[in-house]
1. How charged is the neighbourhood of T86? Take every other residue with its Cβ under 13 Å from the Cβ of T86, and add Lys/Arg as +1 and Asp/Glu as -1.
2. How many nm separate the modelled label positions at E7 and V92, each set 7 Å beyond the Cα in the direction of the Cβ?
3. Return, ordered by residue number, the residues of segment 45-81 whose backbone nitrogen is under 13 Å from a label point located 7 Å along Cα→Cβ of I114.
4. As a test of the definition: which semi-axes, in Å, follow for segment 63-141 when you take the square root of five times each eigenvalue of its alpha carbon gyration tensor? Largest first, please.
5. Can you tell me the orientation of helix 120-129 relative to the chain, as the angle in degrees between its alpha-carbon axis and the longest Cα principal axis, to the nearest 10?
6. Pop a pseudo-label 7 angstrom from the Cα along the beta-carbon direction at both R127 and L82 and give the gap in nm to one decimal.
7. Across every pair of different alpha-carbon atoms, what Kirkwood hydrodynamic radius in Å does segment 1-62 reach?
8. Tally up the carbon and sulfur contribution to the accessible surface of segment 38-141 as a whole percent, 1.4 Å probe, everything protein left in place.
Amino acid sequence: ERREVQEFLRHLGEDDGLATYGEQEIIQQLKNVNVYVLLVSDAIRRWYVTLECRSCQFKEYQIVDMDDFDDFEEKVKGMKCLKCGTGNYEIVEKEDLIEVLVKLADDAKARLEIISTHIEEGEILLRSFGGIAAVTKYRTS
């Protein structure tokens, strides 16, 4: 675990384009099959939520802390569709973010490492990078 996080930090420090972090960026790189190693903190507690417009069926995806989900549900009631601008969203699916990442990593043939917050590197991953980071196969812009 330590070695994996240290490798990510080395790539980040060298600015060689092979280190990436942030939920949306990681999901995009997994969909592009450009992740070599996916690092996920064992302490992240987030939902991957699918919203759908009641008018035009446009889908939007949001990541929400599990502790904030009740407030998010209330917020969704007042949100307007990003595509048509008139429709209201409804929550059509809620999945554990870790499970979504595991599926995407499997599809992308990426190695998945669950990193414990009981080690210093695990705390760094959680506090500095939101608990999700990756070493990519190819440079990202």
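The values are calculated or read from the model by the stated rules, or taken from the named source; none is laboratory data. Owing to the predicted nature of the structure, the values given are computational and were not obtained by experimental measurement. Backbone-built Cβ (ideal geometry, glycine too); neighbour counts: all protein chains shown. Each accessible area value is taken on the protein alone, full model and side chains, heavy atoms only, with ligands, DNA and RNA left out. Shrake-Rupley method; radii C 1.70, N 1.55, O 1.52, S 1.80 Å.
1. Values: positive: R54, K80, K83; negative: none.
Here the count lands on +3.
2. If labels sit at E7 and V92, their model points lie 3.8 nm apart.
3. 45
4. Numbers: eigenvalues 186, 64, 32 Å².
So the three semi-axes of segment 63-141 are 31, 18, 13 Å.
5. Here the helix axis deviates by roughly 40 degrees.
6. The two pseudo-label positions are separated by 3.2 nm.
7. Values: mean 1/r = 0.0716 Å⁻¹.
Computed over segment 1-62, the radius equals 14.0 Å.
8. Details: 2670 of 5900 Å².
The nonpolar share, carbon plus sulfur, comes to 45 percent.
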